[in-house]
Amino acid sequence: MLNFYFDLIMTVAKHFQLKDDTLHAENVSLEQLAHDFGTPLYVYSRQALHDAWYSYHVAAQGRDVLVCYGMKANSNLAILNEFSRLGTGFDIVSGGELARVIAAKGDPAKVVFSGVGKQRWEIEAALDAGIKCFNVESEAELERINQIAGEKGVKAPISLRVNPDVDAKTHPYISTGLKDNKFGVDINEAPAIYARAQAMPHLEIVGVDCHIGSQITEISPYLDALDKLIALIKQLQSQGITLSHLDIGGGLGIRYTDETPATPTELLSAVFKALDAADLGHLQLVLEPGRSMVGNAGVLLTRVEYVKTNQDKHFAIVDAAMNDLIRPTLYDAWHDVEPVRPRTGSAPAPAYDIVGPICESGDWLAKDRALHLAQGDLLAIMSAGAYAFTMSSQYNTRPRAAEVIVDDQSVHLVRPRESLESLFDSERLID
Ligand SMILES: *Cc1c(COP(=O)(O)O)cnc(C)c1O
């Protein structure tokens, strides 16, 4: 019944849609937002954030599941705080992210710490905060954590991030579970490394984890990895090592264009089935979803500064650029582009490349889009909630965009646009 109700909500609730011929975020017009806050502007829907969280909540079916939001996808404090109030933990990859969790009133006891290059200060901060678990990615890191925990007179909770050598069937830059990736330890060596960890006095083994990639649309790569993890857990049991949780990482994809990604319910139903069949249903299941929690909850709003035609090629030059949204040029990623006030033309729409003002040929946001456009038009770059603002920079001395969250008819400015002065405030002349 709950599932049925949820599906119903999902089909009815579209968080960015046309109302009175103008694209809205919930019940606020994007035209109004551009007027009030300027462009480029990141606009998020609070309801979309809730719905994404809810899709995992429903999928958990009341079992012991901890969603540790993969916060590098979007780490605005307001978003972290929102998820934290819904009960999530966080998957962090730096000491900086831990500081954000604390600033957002997140619970450090629900934080897992991933990453191949944890520095001493980061390990110290995580031990001081009392995180749930270090997802350890090498033997050298185990030794460093053991050493630091010893100095502090505490036991560090650890899990080994294993590399199951499965193909997540996604873009090579966001595939992380193949044996030639830098992540984790070879799953075949894991039993020996766990044995060494068990002998280290200042470590407490609590789990095992893997994260095989991002924008994964099928569940088969997860199930391939899970088979190997189950075999590993059994092996560890025979060595007298018992775990309390299994972390299968993040990576579920979202719809950018016509993808039909597996849902959290499809994924977790299959995972529970495999765990129950292996008599491991008692393990806490930890998830680290990032993109699927925020990706479709945001758009990047931008204004057309100029339109021009070189030879036969049409360009719309907008005020957002690769410094605001690097995914297209970095991953060849496709984002839908929606006019905020669609024009209807009688002639066929020309194919535009949507480009920014930055002095790089790689500065493009979309290519070959059939649109009727004119100078001054507003465009929404869709599905820009994940790996968008967090990857933005100030290249070309461009202030980073403002961010707002829309909640029905209200708007919250959750990060003002950076001022020009702030970009070089801390720089110093030499004599
Ligand atoms: C980036 C990352 C995630 C989140 O991945 P998504 O594809 O955004 O769900 C989770 N875990 C780890 C270790 C990561 O590096």
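Listed values, structure above:
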| read-out | value |
| --- | --- |
| Filter result for the condition that a residue is modelled with pLDDT of 95 or more and surrounded by 18 or more Cβ atoms within 10 Å (Cβ to Cβ), over His335, His372 | His335 |
| Pair list, Cβ under 8 Å, 6 or more apart: region 242-260 residue more than 29 Å from Asn135 (Cα to Cα), other residue within 14 Å of the ligand (Cβ to nearest atom) and of a type in the set (Val, Ile, Thr) | Glu259/Thr217; Thr260/Thr217 |
| Which listed residue, of Ser410, Ser383, Ser346, Ser361, is surrounded by 19 or more Cβ atoms within 10 Å (Cβ to Cβ) and of a type in the set (S, T, N, Q) | Ser383 |
| Any hit, region 178-194, residues being over 17 Å from the mean Cα position of the chain (by Cα), away from the ligand (no atom under 14 Å from the Cβ), within 30 Å of Ala384 (Cβ to Cβ) and surrounded by fewer than 23 Cβ atoms within 10 Å (Cβ to Cβ) | yes |
| Region 35-76 - residue that is under 24 Å from Ala380 (Cβ atoms) and among the small types (Gly, Ala, Ser) and, of those, nearest to the chain's Cα centre (by Cα) | Ala73 |
| Residue match in region 140-156 (condition: touching a residue at least 12 places away in the same chain (Cβ under 8 Å), part of a strand (DSSP E or B) and over 21 Å from the mean Cα position of the chain (by Cα)) | yes |
| Qualifying residues in region 264-278 (those that are in contact (Cβ under 8 Å) with a residue 40 or more places away in the chain and surrounded by fewer than 19 Cβ atoms within 10 Å (Cβ to Cβ)) - the one farthest from the chain's Cα centre (by Cα) | Ala278 |
| Restricting region 83-139 to residues that are in a loop (DSSP other than H, G, I, E, B) and touching a Leu at 6+ places or on another chain (Cβ under 7 Å), the residue that is surrounded by the fewest Cβ atoms within 10 Å (Cβ to Cβ) | Ala104 |
| Test for Thr217: is it among the hydroxyl-bearing types (Ser, Thr, Tyr) and within 14 Å of the ligand (Cβ to nearest atom) | yes |
| Scope region 27-53; condition under 22 Å from Asp408 (Cβ atoms) and surrounded by fewer than 16 Cβ atoms within 10 Å (Cβ to Cβ); matching residues | Asn27, Glu31, Gln32, His35, Asp36 |
| Breaking point among (1) of a type in the set (Val, Ile, Thr); (2) under 22 Å from Pro201 (Cβ atoms); (3) not assigned by TED's automatic domain parsing to the domain that holds Leu203, for Ile102 | (2) |
| All positions within region 7-65 that are hydrophobic (A, V, I, L, M, F, W, C) and modelled with pLDDT under 95 | Leu8, Ile9, Met10, Val12, Ala13 |
| Among the candidates Gly70, Gly62, Gly96, residue that is outside the structural domain of Arg161 (by TED's automatic domain parsing), closer than 30 Å to Asp186 by Cβ and without any contact (Cβ under 8 Å) to a residue 24 or more places away in the chain | Gly96 |
| Top-ranked residue of region 287-335 - restricted to ones that are of a type in the set (S, T, N, Q) and closer than 30 Å to Gly89 by Cα, ranked as nearest to the ligand (Cβ to nearest atom) | Ser292 |
| Subset tally (residues that are crowded, with 20+ Cβ neighbours inside 10 Å, over 25 Å from the mean Cα position of the chain (by Cα) and of a type in the set (Val, Ile, Thr)) for region 309-332 | 1 |
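The values are calculated or read from the model by the stated rules, or taken from the named source; none is laboratory data. Values in this document were obtained by computation on a predicted structure and should not be read as measured data. When we count neighbours, we look across all protein chains shown, and the Cβ atoms used for this are built from the backbone with ideal geometry, even at glycine.
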